[in-house]
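Trainee: First the structure, then my questions, so here it is.
The values are calculated or read from the model by the stated rules, or taken from the named source; none is laboratory data. Owing to the predicted nature of the structure, the values given are computational and were not obtained by experimental measurement. Using ideal geometry, Cβ is built from the backbone for each residue, glycine included, and neighbour counts are taken over all protein chains shown. Heavy atoms of the whole protein, side chains included, go into the accessibility calculation; ligands, DNA and RNA do not. Shrake-Rupley method; radii C 1.70, N 1.55, O 1.52, S 1.80 Å.
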Amino acid sequence: MSAPSTIDGSFRDPSGRVYIYKGRIFRTVTEFGANAFEKILKTGLLATLIEDGQLLPYSIVRDPDILSQFHNAKYVLEHPKIDYISFPYEWSFPLLKKAALLHLDVAIKGLNAGVSLSDATAYNIQFVGPKPIFIDHLSFKPYTDREYWLGHRQFCEQFLNPLLLRAKLGVAHNAWYRGALEGISNEDLSSLLRLRHKMSLKVQAHVVLPARLQKKVSSTNSAETKPMAERKGLPKSSYKGLLTQLRNWIAKLEPKGGNQSVWGGYAEQNTYEEKENFEKTIFIQKFVNGVQPNLVYDLGCNSGAFSEIALAAGAKQVIGFDFDQIALEKALHRAESKSLNLLPIYLDASNQSPDQGWQQLERAGFDGRGKPDAILALAFEHHLAIGKNIPLPQVIKWITSIAANGIIEFVAKSDPTIISMLSMRDDIFQNYSQESFEKAILQHATIIESKKVTKDGRVLYWYKRHK
Amino acid sequence: MGSFLYSVASFSIVILFYSSQPVYAYIDPGTGSIIIQSVIGGIAAATTFGAIYWSKLKTIFTRKNKETDKTGGDSGDK
């Protein structure tokens, strides 16, 4: 029988670790963490947060067979498995904002119940559909009188600063966050913000002054810096004031230039005709009925219209991927307003999230994460094959390797989208044709059904992978 | 004139901090934040509580207005 394996990414906290065992998720609470955990249980905070849908549910394991697998644990908790793990560098602006607000809400509720959070990492939050949920049950500890908000700097670097980057400077956080993993430092953001941004007291308080003071402290002899124990501490009202001030501020942050108006006047992408949409809808419904997928990936999900059709046809959950921030925000809006189990996240398919972090094991890459039952790749392949010069057979090989069943749409060179993509460059794609597309699919899969959906040569292929 | 003075004052404060150089040294990760918390925490608390009292004051007035609306509209709904 195989032993439980640790989920890499949970090693930083000595209070416990997370394991996967027989497909189930367990969290150990060590001797080190047990005392705080017992005190937190007594406050009733965890139960309240779970009831309000803000904390991942748990049960305390009593089964001796399972307990025998975790010798050093004082407690073993079991959690429901989250089907898809995502990271802040894959979240759009509104997702990161939701996660930030959840963190602050949990912290404020905690403080009211005599509990504080030991850190403020964005990786403690996951999404189920478009809804954020806090997942670290060992981040809670009893509040001690006049303690400082230890997570303040981490909160600013992992939530506030990436949001400000977009809200103040119009730059999406994803690429930088993926490179830095721990977020954007106060010092870095401070160097980028303009004078007019620094006129804000809140920007001064949470970004510029902490960066400035950090610099001052680093240039003085460390012996001159007063240790924490000798400091006066922070009154609880001030602690709560900081959390509330940040909450009110972040709730009002919007991407620079604003996207609200886009949703208001939004009509489906104009390259799609009504009839084409209808035929695609029928094809997707038939596919979903045939495959009965639990988890579906929608590559190039755009505003999530086809994700919605897959869900309505019986798919349980869709993860939508797109590299366009506006599309992601529209898809999120769709998921929220129609209560869909759809999570739209950022993906540059030609440069997917890698395995990274400590020993390249801490944050799993795109390929090693989800196990989708089906894939939708509609109006997608040409972005790689033409847009990024990736040979068509490689594109098809990659898509079919992700899920055993799927729909891939072939976009012909006569299609207006490709004509426009090639209008400024040489057509170096002599091997790009429907024939080579079909040949590439047949190397890896069987074609169950195909359907031409436009006169310009868009064709849907339903594939079933060989094994 | 007052707003001009305010601009000059805040501009000077900002200039004071504008010269901040990048810091690459790794020390206690929270020192800057810990020092600033004592300074800004009090202000944050004051503004938050101020806002709470302000919104309470507002609800007292809006509630009064709503109550008058409700009594006027109830008969029409049924």
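Trainee: At q = 0.12, 0.16, 0.28 Å⁻¹, what base-10 log of I(q)/I(0) does the Debye formula yield for the range A:296-366 when every alpha carbon is treated as an equal point scatterer in vacuo?
Mentor: So the normalised log intensities are -0.34, -0.56, -1.13.
Trainee: Averaged across the residues of A:199-210, what count of C-beta atoms belonging to other chains lies within 10 Å of each residue's C-beta? Mind dumping the intermediate values first?
Mentor: Numbers: counts 5, 2, 6, 3, 1, 6, 7, 4, 0, 5, 8, 9.
Per residue, the number of nearby Cβ atoms from other chains is 5 on average.
Trainee: In addition: Residues of A:244-250, mean number of Cβ from any other protein chain within 10 Å of their own Cβ, rounded to a whole number? Intermediate values should be presented prior to the final figure.
Mentor: Details: counts 7, 8, 1, 1, 4, 0, 0.
Mean number of neighbouring Cβ atoms from other chains: 3.
Trainee: On to the next question. With both partners inside the protein assembly as shown, how many of the DSSP beta bridges are antiparallel, as a percent to the nearest 5? List each step's numbers first, then the result.
Mentor: Working: 35 of 54 bridges.
About 65 percent, rounded to the nearest 5.
Trainee: Ok, one more. Nearest 100 Å² is fine: how much accessible area is buried between A and B, summed over both sides, with a 1.4 Å probe? Numbers along the way, then the final one.
Mentor: Numbers: alone 22110 and 7420 Å², together 26560 Å².
So the total buried area for this chain pair works out to about 3000 Å².
Trainee: Turning to a different aspect of this structure: Could you work out the mean count of beta carbons from other protein chains within 10 Å of each residue's beta carbon in A:152-160?
Mentor: 3
Trainee: Return one whole number: the accessible area per residue of the protein assembly as shown in Å², for a 1.4 Å probe. The partial results should precede the final answer.
Mentor: Working: 26560 Å² over 545 residues.
With all protein chains present, the protein assembly as shown gives 49 Å² per residue.
Trainee: A follow-up question, please. For the protein assembly as shown, what % of the accessible area comes from carbon and sulfur atoms, probe 1.4 Å? Show your work: numbers first, answer last.
Mentor: Numbers: 14840 of 26560 Å².
Carbon and sulfur: 56 percent of the exposed surface of the protein assembly as shown.
Trainee: I've got another one for you. Just want the answer: with Cβ charges of +1 for Lys and Arg and -1 for Asp and Glu, which residue in A:N174, A:H137, A:Y148 is farthest toward the dipole's positive end in the range A:131-191?
Mentor: Looking along the dipole axis, the top candidate is A:N174.
Trainee: How large is the Kirkwood hydrodynamic radius of chain A, counting all unique pairs of alpha carbons, in Å?
Mentor: Computed over Cα pairs of chain A, the Kirkwood hydrodynamic radius comes out at 24.5 Å.
Trainee: For A:K109 and A:T6, compute 0.36 nm times the residue count separating them, minus their Cα-Cα distance, and round to one decimal in nm. Numbers along the way, then the final one.
Mentor: Values: separation 103, 0.36 × 103 = 37.08 nm, distance 3.04 nm.
Length gained between A:K109 and A:T6: 34.0 nm.
Trainee: Let me ask something else about it. Taking the Cα centre of chain A as the origin and placing charges on Cβ (Lys, Arg +1; Asp, Glu -1), which of A:S118, A:L361, A:S436 is farthest toward the positive end of the dipole?
Mentor: A:S118
Trainee: Taking the alpha-carbon centroid of each part, what is the distance from the range A:116-152 to the range A:281-337 in angstrom?
Mentor: 31
Trainee: Which value, in debye to the nearest 20, gives the size of the charge dipole of the range A:168-213 about its Cα centre, when Lys and Arg are +1 and Asp and Glu are -1 at the Cβ?
Mentor: On the way: 7 positive and 3 negative charges, 58 e Å.
Around 280 debye, computed over the range A:168-213.
Trainee: Going highest first, how would you order A:391-400, A:32-41 by mean Cβ packing within 10 Å?
Mentor: On the way: A:391-400: 19.7, A:32-41: 16.6.
Ranked by mean Cβ neighbours within 10 Å, highest first: A:391-400, A:32-41.
Trainee: For the protein assembly as shown, build the charge dipole from Cβ charges (+1 Lys, Arg; -1 Asp, Glu) around the Cα centre, then report which of A:L163, A:S307, A:I7 sits farthest towards its positive end.
Mentor: Result: A:L163, furthest along the dipole toward the positive end.
Trainee: Tell me the volume per residue, in Å³, of the convex hull enclosing the alpha carbons of the range A:1-129.
Mentor: Details: hull volume 15.2 nm³, N = 129.
It is 118 Å³ per residue.
Trainee: Right, something else. Calculate the dipole size of the protein assembly as shown relative to its Cα centre from +1 charges on Lys and Arg beta carbons and -1 charges on Asp and Glu beta carbons; express the result in debye to the nearest 20.
Mentor: Details: 64 positive and 53 negative charges, 303 e Å.
Computed charge dipole of the protein assembly as shown: roughly 1460 debye.
Trainee: From zero outward in steps of 10 Å, how is the percent of C-alpha pairs of the range A:33-74 spread across the bins?
Mentor: Taking all Cα pairs of the range A:33-74, the binned fractions are 24, 43, 31, 2 percent.
Trainee: A further question follows. When the convex hull of the C-alpha atoms of the range A:100-214 is computed, what volume per residue in Å³ does it have?
Mentor: In the range A:100-214, the Cα convex hull volume per residue is 121 Å³.
Trainee: Shifting gears a bit: What is the dipole size for the range A:154-261, taken about its Cα centre, with +1 at each Lys and Arg Cβ and -1 at each Asp and Glu Cβ, in debye to the nearest 20? Working shown, then result.
Mentor: On the way: 18 positive and 7 negative charges, 87 e Å.
So the dipole magnitude of the range A:154-261 works out to roughly 420 debye.
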